[in-house]
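Working notes, beginning with the structure itself.
The values are calculated or read from the model by the stated rules, or taken from the named source; none is laboratory data. Computed from a predicted structure; not experimentally measured. Quick reminder, even Gly has a Cβ in these numbers, built from the backbone with ideal geometry, and neighbours come from all protein chains shown. Accessible surface areas use protein heavy atoms only, side chains included; no ligands, DNA or RNA. Shrake-Rupley method; radii C 1.70, N 1.55, O 1.52, S 1.80 Å.
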Amino acid sequence: MSKMKTLSLLSLLFFLGLNQQVHVTGDDNFVYSGFAGSKLILNGAAMVMPNGLLDLTNGSVRLKGHAIYPTPMRFRGLSYRTVQSFSVSFIFGIVSPHPSNGFTFFVSPGKNFSDALPTQYFGLLNDQNNGMETNHIFAVELDTIQNSEFQDINDNHIGIDINSLHSVQSDSAGYYDDRHGMLKQLTLVSGDPMQVWVDYDRVATLINVTMAPLNFAKPSRALISTNYNLSTVLTELAYVGFSSAAGKANARHYILGWSFATNGPAPAIDIRKLPKMPHIGSKDWSNVIEIVLPIATAAFILMVGGTIFVLSRRYLRYRELREDWEAEFGPHRFSYKDLHHATEGFKNKHLLGSGGFGRVYKGLLARSSLEIAVKRVSRDSKQGIKEFITEVVSIGHLQHRNLVPLLGYCRRNNELLLVHEFMPNGSLDKYLLNEDGKRSLSWAQRVGVIKDIAASLLYLHHECEKVIIHRDIKASNVLLDNEMNGRLGDFGLARLYDHGVNSQTTHVVGTIGYLAPELASTGKPTPLTDVFSFGIFILEVVCGHRPIMKNEEENHTMLVDWVLQHWQNGSLTDTVDTNLSGNYDNIEACLVLKLGLLCSHPFMHARPSMRQVMQYLNGDIPQPDDQLMPTQMSFELLSLMQNEGFDHYIMSFPSLTTSYEPPVLPGER
Ligand SMILES: *[C@@H]1O[C@H](CO)[C@@H](O)[C@H](O)[C@H]1NC(C)=O
Ligand SMILES: *[C@@H]1O[C@H](CO)[C@@H](O)[C@H](O)[C@H]1NC(C)=O
Ligand SMILES: *[C@@H]1O[C@H](CO)[C@@H](O)[C@H](O)[C@H]1NC(C)=O
Ligand SMILES: *[C@@H]1O[C@H](CO)[C@@H](O)[C@H](O)[C@H]1NC(C)=O
């Protein structure tokens, strides 16, 4: 009994020991991009400000300040006796109205600096122990005073200190520009944030110190590079931290970010998350006030007048329309001002294009530096807006990799602004028609885009909470993201145009050439009218033609009829875009073309659902041959419609999005 207890206790001990070993051999690293909520040990004057800025000296005189990482780092592994490679990076800023001492980054066996002296001793050493090997201290000093006792080179230097504040090597603050290799000076007390990297290489026993202004990549050439075997200095475990103790009032030594790693480069500090440094003037206020006060008073009066003027102008310029019911859509509501700034006042140079629904501008949101596309839809009627926005916002919740993400909206006077994520590669039709110098797409890219759009429609029709009908599927509404994936845009917009009109008249919206024939009689969009447009879209992508083609004699042919004719003549693949120069998969091309024809079948019940379309595309069900005998296909209905009133539109706006009154077919009304 007691034997078993001992045994399990032993194995527990063994287990704990093993665990510890795992920790011991693991590499230590950390990264702070700002210090809010960090658990650093802060001594003396050091404190973390509410915004996450670490202040080592807090403006007090001769008061030591230390910020230390709470657990010691393992500098020597158990398996090897030499000090391992390590890497440190930190971002600092010094504000010092009067010449005062700087600060150090240190590695030290202990964290009790109660015996250390302030000012030139940086709160790290004292006059007794300075220079002694028993210190086991390695430090990098950023010194802003020239001290003759330690033979400092000037009052703006960075130095490597080993057990002593008499640096083994030091140099004026600066960095080697990567482009020209020139040495550029930096001023430590400039108040500007700068970054420092300290790297120790175990094999070469080389210490490198590199500096650069904030936002600069690490220069490839180090400012100081010196050989020193730190295995003769550092203890197995040692603390890392910063120390300072200013000699003059109001000097501040801020650390904005800090990272550390053993056996690898220090992790990157996230520059965007860094806390801001407060800006403190470097001059004495008392001197300044006498001169500045009278000027300031006059300026103040001018400013108040100016502000009133500017504010009232701004009010008019950025005025927008907001109603109570919109409160629940808060997060999706953009302010007109932000959109105005993002697009530099909707300048023409940011115009991406204009279509039936309005103009589209490219913009850059200042706060998030997110690229956006803003569509301005003008509307005279307020009717239907609420339903539309409810839908827009619910669509905004839709997440699918083949939909253009809708970020939100804004309203103003008679305008609705829709904010989408910007798609860098523009719309698909430009590629198909070789416009704007866009090169044509490969076969694999074309099939990819067809599958992408099929996936997005499958999602809208079958996979989200309620069925969403897109109503305006066409190549110009398909955008390519930076990986050339197809993404469907402009969903729901067509619906907006449906609202707000007299409900007595049937009003069809969409684009000529993509409209299912039954829309003319029913005027009611259904998922199958989307499938029809998708079929035309497939043909467009494969053939590289618009849905209504013009030949040399200016005659108009429907793309779908042309493809059908070729199939009947047994020359289906002659319709494949000649830009591909024959580089395509024959079997795949036939499948896709037949699927396009099947989807754009004039009889809606002959069309497949998007779920079936997906199965055809994935090869899960065989080619759609048997559903579609060439002889059975008839587009007479379409030609009939053309004769009954479509001609005008087809002739004048072959590619324009427009709305029209459907012709009354015999038997209606
Ligand atoms: C600086 O910190 C010390 C110690 O925490 C404190 O006593 C002193 O009041 C602080 N000084 C300022 C100016 O905040
Ligand atoms: C630090 O060291 C001093 C003497 O060197 C000692 O008096 C003091 O108690 C130590 N402080 C802590 C927190 O250990
Ligand atoms: C140290 O600096 C030298 C000279 O710039 C460079 O050749 C070397 O690769 C650097 N070593 C490390 C570990 O950064
Ligand atoms: C560095 O010092 C350690 C300990 O004295 C020694 O074992 C090692 O060989 C030295 N390394 C080099 C490269 O001299």
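Odds and ends about this structure:
- Listed by first and then second residue, the pairs linking a residue in segment 84-95 that is under 25 Å from G59 (Cα atoms) and away from ligand 3 (no atom under 16 Å from the Cβ) to a residue that is polar (S, T, N, Q) and assigned to a strand (DSSP E or B), with Cβ atoms under 7 Å apart and 6 or more places separating them unless they lie on different chains, are I91/Q195.
For (1) at pLDDT below 95; (2) within 20 Å of S170 (Cβ to Cβ); (3) within 16 Å of ligand 4 (Cβ to nearest atom); (4) among the hydrophobic types (A, V, I, L, M, F, W, C), each residue gets a yes or a no:
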residue	(1), (2), (3), (4)
T57	yes, no, no, no
V61	yes, no, no, yes
R81	yes, no, yes, no
N101	yes, yes, no, no
N112	yes, no, no, no
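Per-residue answers, yes or no, for (1) in a helix (DSSP H, G or I); (2) charged (D, E, K, R); (3) at pLDDT 85 or above:
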site	(1), (2), (3)
R272	yes, yes, yes
H279	no, no, no
S286	yes, no, no
E290	yes, yes, no
P294	yes, no, no
A299	yes, no, yes
V304	yes, no, yes
E328	yes, yes, no
D338	yes, yes, yes
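- The single condition among (1) within 16 Å of ligand 2 (Cβ to nearest atom); (2) surrounded by 16 or more Cβ atoms within 10 Å (Cβ to Cβ) that N112 does not satisfy is (2).
- Considering residues of segment 39-81 that are under 16 Å from F105 (Cβ atoms) and among the small types (G, A, S) only, the residue nearest to ligand 3 (Cβ to nearest atom): A67
- Flag for S231 being part of a helix (DSSP H, G or I) and at pLDDT 90 or above: yes
- Meets criteria (open to solvent by 50 Å² or more (accessible area, probe 1.4 Å) and either within 16 Å of ligand 3 (Cβ to nearest atom) or more than 30 Å from R76 (Cβ to Cβ) (or both)) for Y200: no
- Checked across segment 171-189, the condition of being open to solvent by 10 Å² or more (accessible area, probe 1.4 Å) and under 24 Å from N126 (Cα atoms) holds for at least one residue.
- So D152, is it open to solvent by 60 Å² or more (accessible area, probe 1.4 Å) and away from ligand 3 (no atom under 16 Å from the Cβ): no
- Annotation note: of W562, W567, the sole residue that is in a helix (DSSP H, G or I), in contact with a strand residue (DSSP E or B) (Cβ under 8 Å, 6 or more places away or on another chain) and hydrophobic (A, V, I, L, M, F, W, C) is W562.
- Subset tally (residues that are at negative phi and open to solvent by 50 Å² or more (accessible area, probe 1.4 Å)) for segment 406-441: 8
- Matching residues, segment 567-597, being more than 19 Å from L617 (Cα to Cα) and either open to solvent by 40 Å² or more (accessible area, probe 1.4 Å) or touching a Pro at 6+ places or on another chain (Cβ under 7 Å) (or both): W567, Q568, N569, G570, D574, T578, N579, S581, G582, N583
- Residue list for segment 99-148, restricted to those being part of a strand (DSSP E or B) and closer than 27 Å to R74 by Cα: F103, T104, F105, F106, V107, S108, F138, A139, V140, E141, L142
- Only one of P624, P602, P608 that is over 38 Å from the mean Cα position of the chain (by Cα), assigned by TED's automatic domain parsing to the domain that holds Y514, modelled with pLDDT of 90 or more and outside any helix (DSSP H, G or I): P608
- Condition check for F92 on (1) open to solvent by 10 Å² or more (accessible area, probe 1.4 Å); (2) at pLDDT 95 or above: one failure, at (1).
Matching residues to (1) farther than 28 Å from I207 by Cα; (2) within 15 Å of ligand 1 (Cβ to nearest atom):
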| position | (1), (2) |
| --- | --- |
| G44 | yes, yes |
| N58 | yes, yes |
| V61 | yes, yes |
| G65 | no, yes |
| P70 | no, no |
| S89 | no, no |
| P97 | yes, yes |
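- Once segment 41-52 is narrowed to residues that are more than 16 Å from ligand 2 (Cβ to nearest atom) and either at pLDDT 95 or above or in a strand (DSSP E or B) (or both), the residue that is most open to solvent (accessible area, probe 1.4 Å) is M47.
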